[in-house]
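Encoded as structure tokens, the structure appears first; notes follow it.
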Amino acid sequence: MLPGCPWIIKPTPKPRSIEEQREVVMAAFQKRPPHEDFVMLDLADDDQYEYARHRLQEAAAAQATQGGQDTPGPTVARDFARALKTLEIARAKAVRGGPRPKPTDWDCDHFIHVNDSRTLGGGKVQQADKAQDNRPSLILNPYATCAGGATHVFTDVTAYDSDLSGKKLTVLAKSANEEHNDGKTFDDTAVSVRPSMAPESKVVVESLMVAHNDQTGEEHVSFASLDTTLTPEPVSFTMDHPRFASNEPRSNINLTTCQLRGGADCDYAMVTNAQGTLAPYPQTPVGLALRKTGNPWTGDPAAYFPFQTGQTFDITNIYVPTQLTFDAGAMSQPCTIQAMKNGPTTTRMRLIKTDSGGTCTTLADLSDLFIINGKTASIQRLVNLSQNTTANGGTGCTMEKIVNEPVVMSMTLYSMATCGGAAAVPRLTTFTSTALPTNPFNLNVLNSCMAEGTKVTLADGTRAPIETLKVGDKVRANASGRVLTVQDFIFGREPKPLVRLRDDQGHDVRLTEKHPVLLTSGLVVPADKVQVKDQVRTESGTAFITATERVPYDGKVYNLKLGTAEELESLGPNERTLFADGVLVGDDTMQRELTSPRRASATP
């Protein structure tokens, strides 16, 4: 028979080994989009699909061998069947091909955190290591989070001891876990390892994530990896900003930044700079500043973060002041930075949305701040954190979507450095703001308000423009004469159209779109949801809304925080109110409650 004859049966290709399939996945990971810590697996590719299936089956087999989970609490059977089913559904869709489905706002982030047992949280505070052989350990855990939550999410983690080429791998530890019922942020999978500290070795960490959303019918199958090294002197950082403006006791750990408007509780605010005098909430901000202790709100020139050259303030974006020092540690000699790992992805900053799910990140390239041949690098920059993690059309990182939601700040600092060996080694530290050894915090971005000139009814029945009020003034809170004391005066600017409401009693008020309005039914709704014929509460009783419209505005707006502790003792959550041009509306506290994101469900 001659070569090329059609009747010749070609031999079946030899299946690739698991090691070869892993190499295919790693090659795809190295080509991932910029500014992402994971790659979406191409499940139409047999190798990538088979490798994902192998990891799930391996995790299920390990669970069966162990007889359940290895953490305290009631035994939960985990065979990871839901994750395997999700993988098969996603595989079938990928093989079938065809038009891509219409993008939704559901997207997921997948990344890995590394903590050294000596510097838990990443900072300089030393922690005693209680290992019998007194060797330090690395605590490794993947993070998985999806916008709106995931009906089911699975993650695993594998840690390898490796040579610097990444070719000679020895498994140190593996773990896998899952969560059902609309989890927003999943970080329960973790391993602790005590790798070699030899100059020519490193630790390679890998993670698979499988998630499903019953509401949108979407699947997420991704792979993440990073490498790091363990050295006698650990890599670490010290962080100066963000931080609380004062050391006064707080009832919560929400560090507050106010970009368009705010009051005395704003740790940071957008400012104008007039020869060193930093005034908040101008029409055209030039940067962000930390509050000086005391009133009225004034920025601290020693903690001022201007916009970078060529950048201007965008009212839809979120800005975070960042000032920290990265220390590459030491081995046989101090580690000196040689190159940045993956360029712009060297320094990864995120805001983890623990209420609504998903993350926001930055496209900023901070690698120019890492000085080559230095042991330490200082970062001081105002960073824009309004980029969705995945470019699928989601809009969850605009000011409107993230405002009033306490979020967790996460950072990864990653460089290559020489530490006495012949080759550069990876040096990495990660942290979240809620796990800092000192001053842990959530980040909270606020906005509220009413138009300048709005008349507020005072305790004696007279009216005064809201901009003339001050802390200590007393205002009427209902038609029966209840009085509340002004505790804070919030002000700023509003460049968007206001909502103008008019009723059949002649009241006419202008409010920002999310300002709370009280209906006679007991409902509290944002101003932009009030409709003609709705019944509202006024100084003279019930009134019907006769007209609503959006009116252009680019000026000052104001709000009040009402009620002493004694005054609020007997009040319900919807009774922090005042009369604005005769219409009963909520104060700043009610506005924050109204606009705080609710825990959206991924299950219909």
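The values are calculated or read from the model by the stated rules, or taken from the named source; none is laboratory data. Only a predicted model underlies this, so the values are computations on that prediction, with no experimental measurement involved. For neighbour counting, all protein chains shown are included, and Cβ atoms are generated from backbone atoms with ideal geometry for every residue, glycine included. Ligands, DNA and RNA are stripped out before the accessible areas are found, and what is left, the full protein with its side chains, is counted by its heavy atoms. Shrake-Rupley method; radii C 1.70, N 1.55, O 1.52, S 1.80 Å.
Ile372: accessible area at probe 1.4 Å, nearest 10 Å²?
Probe radius 1.4 Å; accessible area of Ile372 about 80 Å².
Between Leu169 and Gln380, what is the label-point separation in nm under the 7 Å Cα-to-beta-carbon projection?
4.3 nm
Please work out the average accessible area per residue across the chain, using the 1.4 Å probe convention, and give it in Å².
With the other protein chains kept in place, the chain gives 44 Å² per residue.
If you average 1/r over every pair of different alpha-carbon atoms in segment 137-247 and take one over that average, what Kirkwood value in Å do you get?
16.0 Å
If you wrap a convex hull around the alpha carbons of segment 499-604, what volume per residue comes out, as a whole number of Å³?
Cα-based convex hull of segment 499-604, divided per residue, equals 143 Å³.
Viscosity 1.306 mPa s, temperature 10 °C: Stokes-Einstein D of segment 215-328 from its Kirkwood Cα radius, in µm² per second?
The Stokes-Einstein estimate is 94 µm²/s.
Taking H as built 1.01 Å from N, whose amide H comes closer than 5 Å to the amide H of His113, not counting residues under 5 places away?
So His113 has HN proximity to Asn141, Tyr143.
What ³J(HN,Hα) values, in whole Hz, does the Karplus curve 6.51 cos²θ - 1.76 cosθ + 1.60 give for segment 95-111 when θ = phi - 60°, with x put for Gly and Pro?
Whole-Hz 3J(HN,Hα) from phi for segment 95-111: 5, 5, x, x, x, 6, x, 5, x, 10, 7, 7, 9, 10, 10, 8, 8.
Separation between the Asp45 and Glu233 pseudo-spin-labels, each 7 Å from Cα along Cα→Cβ, expressed in nm?
4.1 nm
For segment 417-465, what relative contact order do you get, as a whole percent, if you take Cα pairs closer than 8 Å and at least 6 residues apart?
Taking the mean separation of contacting Cα pairs over the length of segment 417-465, I get 17 percent.
Taking θ as phi - 60°, what are the ³J(HN,Hα) couplings along segment 291-297 by the Karplus curve (6.51, -1.76, 1.60), each to the nearest whole Hz, with x for Gly and Pro?
6, 6, 5, x, 10, x, 4
Calculate how large, on average over all directions, the projected area of the Cα convex hull of the chain is; give the answer in nm² to one decimal.
35.2 nm²
Hey, what D do you get for segment 138-181 in µm²/s if you plug the Kirkwood alpha-carbon radius into Stokes-Einstein at 4 °C and 1.567 mPa s?
103 µm²/s
Under 1.5 on a/c is rounded, so check that first for segment 438-518, then, if it is not, pick prolate when a/b is larger than b/c and oblate when it is not; a ≥ b ≥ c are the square roots of the alpha carbon gyration tensor eigenvalues.
oblate
Only Cα pairs under 8 Å and at least 6 apart count here; give the relative contact order of the chain as a rounded whole percent.
Once normalised by length, the contact order is 12 percent.
Can you send over the carbon and sulfur percentage of the accessible area for the chain, probe radius 1.4 Å, protein chains only?
On the chain, the fraction of accessible area on carbon and sulfur atoms equals 52 percent.
Starting from the Cα coordinates of segment 390-546, work out the convex hull volume and express it per residue in Å³.
Considering the Cα atoms of segment 390-546, their hull volume per residue is 205 Å³.
Quote to one decimal, in nm, the extra length available between Lys496 and Ser251 on full extension: 0.36 nm per residue of separation minus the C-alpha distance between them.
Once the chain is fully extended between Lys496 and Ser251, it gains 84.9 nm.
Based on a Kirkwood Rh over C-alpha pairs, give the Stokes-Einstein translational diffusion coefficient of segment 517-577 at 20 °C and viscosity 1.002 mPa s in µm²/s.
D, rounded to a whole number, is 154 µm²/s.
Where the convex hull is taken over the Cα atoms of segment 252-411, what is its projected area averaged over directions, in nm²?
11.7 nm²
Per DSSP helix of 4 or more residues, -39500 (n - 2.57); summed, then divided by the residues of the chain. What does that give at 222 nm, rounded to the nearest 500?
-3500 deg cm²/dmol
Quick one: Karplus J couplings for segment 317-331, per residue in order, coefficients 6.51, -1.76, 1.60, θ = phi - 60°, nearest Hz, x for Gly and Pro?
Per residue, the Karplus-derived 3J(HN,Hα) values read 9, 10, 10, 10, x, 10, 9, 7, 10, 9, 10, 6, x, 7, 10 Hz.
Could you pull out the pairs from Lys401/Lys474; Lys85/Lys184; Lys102/Lys556; Lys184/Lys514; Lys353/Lys375; Lys470/Lys533 whose alpha carbons sit more than 31 Å apart here?
Result: Lys401/Lys474; Lys102/Lys556; Lys353/Lys375; Lys470/Lys533 exceed 31 Å.
Given a Förster distance of 25 angstrom, what is the FRET efficiency for Asn478 paired with Ile315, based on the Cβ-Cβ distance and rounded to 0.05?
It comes to 0.15.
How far is it, in nm, from the label point at Ser570 to the one at Gln535 when both lie 7 Å from their Cα along the line to the Cβ?
Simple spin-label model gives 2.6 nm for this pair.
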